[in-house]
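Following: one structure in C-alpha cells, then a few remarks.
Coordinate-derived values only; no laboratory data. In this text the structure is predicted, and so the values were computed from the model without any measurement. For neighbour counting, all protein chains shown are included, and Cβ atoms are generated from backbone atoms with ideal geometry for every residue, glycine included.
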C-alpha cells in the first residue's frame, strides 16, 4: 500500500519523519512480530506499506528550525496512492499556516488524488491544506483546539466539530494536536489494513489507538467565548436546575426552539441538547479537579438527577469515567509541582 506524505512550506520534519517511521515500524512488526502477538496476523516478508515524501518541485526543503526535509519526488511524479497525508506545520505571525504557493499546489494535488479514490488526511495545522482544497466543505472535521476559531473563520463551509480527536467523512480524515500524526497514522493503518494490524502498530509503538478527546485539554468554556449567545446560554445551563430541556433553554434565551437550534448549529455544530450536555460535563471536569465532592454530589451540581445518566454522558464526551478523570487530572497536576532533577 502506497502512502504519500506532503512536504510544504512550514512542514515539521519531526511530524513527517515520525509518520513515515510509524508505517516502517508496522512493516517491521509484521515481518518479525514480537513473541505472543503473531496469531491472526498475515505472514509477510515484503513491506505492506511504502511511504513517499513529496514536495511541489521534488526538491528537499527546510523546516521552520532550518533542518532539511528529505523528499522522494514531486507532485507531478505521482502515480496512484492509497493514502495522501499532510502533517502539522509552523504558524505565521498571524497565527495561521503560511499562505504559500506550495500549500496551494499541495491542496490542489490532494483534491485530485481524493477524486481518484485515495484516502486523504491531515493532522493539526495540516487540516488547513484540506480546507484550502475544499475537501472539508460540508464535511465533519476537526483541527487543533487552539486553532478552532481561526479555522471556522477561514473555512466557513467546513463543519469542524469542537473538541474531538479525530473525524472522518467521505474518505477525508482530520486529527487535532501537533502530535496527532500518531492518531492519523494509526487510523489510516486501520482503514487500509484492518484492526488487527492497527493494534499491532499501536502496541509496538506504545501508542494509544483510542486518543482522548481534545476538549479535556482545552480551557473550560473556550468554545463559548466567541459569541454572546453562547456565553449567555452557558450561564443559564450552569445555574439551571436538573431537568433543563432544549425548550427551556430556548425560552430562557427568548428564542424559539427552531432559532436556537439553527444558531447553535451555525456556531458550534451542536444541537441544543448536545450543548447542554457539553456545558454540564465541562463544569463537572472543573469540580472533579477540586478535591472534596463525591461523584454523586458533582452529578447533582451539574444538573443530573441520576448518577448513572451523568456517568454515561461523562464517558461519552471525555472517554473516561468521572473517577478515572479525577485520577488523571490529579496526576497531571501533581507532576507540575515535581522539581526537575539536576543532571549529573
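Our Cα-only numbers for segment 202-241 put the radius of gyration and Dmax at 16.5, 48 Å. Cα gyration tensor of segment 281-331, axes a ≥ b ≥ c as square roots of the eigenvalues: rounded (a/c below 1.5), prolate (a/b > b/c) or oblate? Oblate. Scoring 126-132, 142-148 by mean Cβ neighbours within 10 Å over their residues and listing the highest first yields 126-132, 142-148.
Computed from the C-beta positions of residue 62 and residue 2, the FRET efficiency with R₀ = 35 Å rounds to 0.85.
Working ranking of peptides 53-62, 27-36 by packing, defined as the average number of other Cβ atoms within 10 Å per residue, highest first, is 53-62, 27-36.
Taking the inverse of the mean reciprocal distance over all distinct Cα pairs, the Kirkwood hydrodynamic radius of segment 219-333 comes to 14.6 Å.
Between residue 153 and residue 225, what is the FRET efficiency for a Förster distance of 25 Å, r being their Cβ-Cβ separation, to the nearest 0.05?
Given R0 = 25 Å and the Cβ-Cβ separation, E is 0.95.
Once the Cα atoms are used to define both axes, helix 228-238 deviates from the longest principal axis of the chain by about 60 degrees. Exposure proxy for 247, 234, 108: other Cβ atoms within 10 Å of each Cβ, ordered fewest to most, give 247, 108, 234. In the chain, the DSSP beta bridges split such that about 30 percent are antiparallel, to the nearest 5.
For the pair residue 32 and residue 76, label points projected 7 Å from Cα toward Cβ lie 4.2 nm apart. Solvent-free Debye calculation, one equal scatterer per alpha-carbon of the chain: log10 I(q)/I(0) at 0.11, 0.12, 0.13, 0.14 Å⁻¹ equals -0.82, -0.95, -1.06, -1.16.
Provide the gained length on full extension for the span residue 239 to residue 99, in nm with one decimal, where the gain is 0.36 nm per separating residue minus the Cα-Cα distance.
Gain in length upon complete extension: 46.0 nm.
Axis of helix 322-336 versus longest Cα principal axis of the chain: the two differ by about 70°, to the nearest ten degrees. Placing dummy labels 7 Å off each Cα toward the beta-carbon, the span from residue 334 to residue 207 is 2.9 nm. Helix 195-205 and the longest principal axis of the C-alpha atoms of the chain enclose an angle of approximately 90°.
If R0 is 35 Å, the Cβ-Cβ spacing of residue 115 and residue 253 corresponds to a FRET efficiency of close to 0.20.
Look at the Cα gyration tensor of segment 170-285: its axes a ≥ b ≥ c give a/c of at least 1.5 with a/b over b/c, and that counts as prolate. Fully extending the segment from residue 286 to residue 24 would add 90.2 nm, taking 0.36 nm per residue of separation and subtracting the current Cα-Cα distance. How high is the relative contact order of segment 2-214, in percent, with contacts defined as C-alpha pairs under 8 Å that are six or more residues apart? This gives 21 percent for segment 2-214.
Using 0.36 nm per residue and subtracting the Cα-Cα separation, the extra length available between residue 274 and residue 50 on full extension is 76.5 nm.
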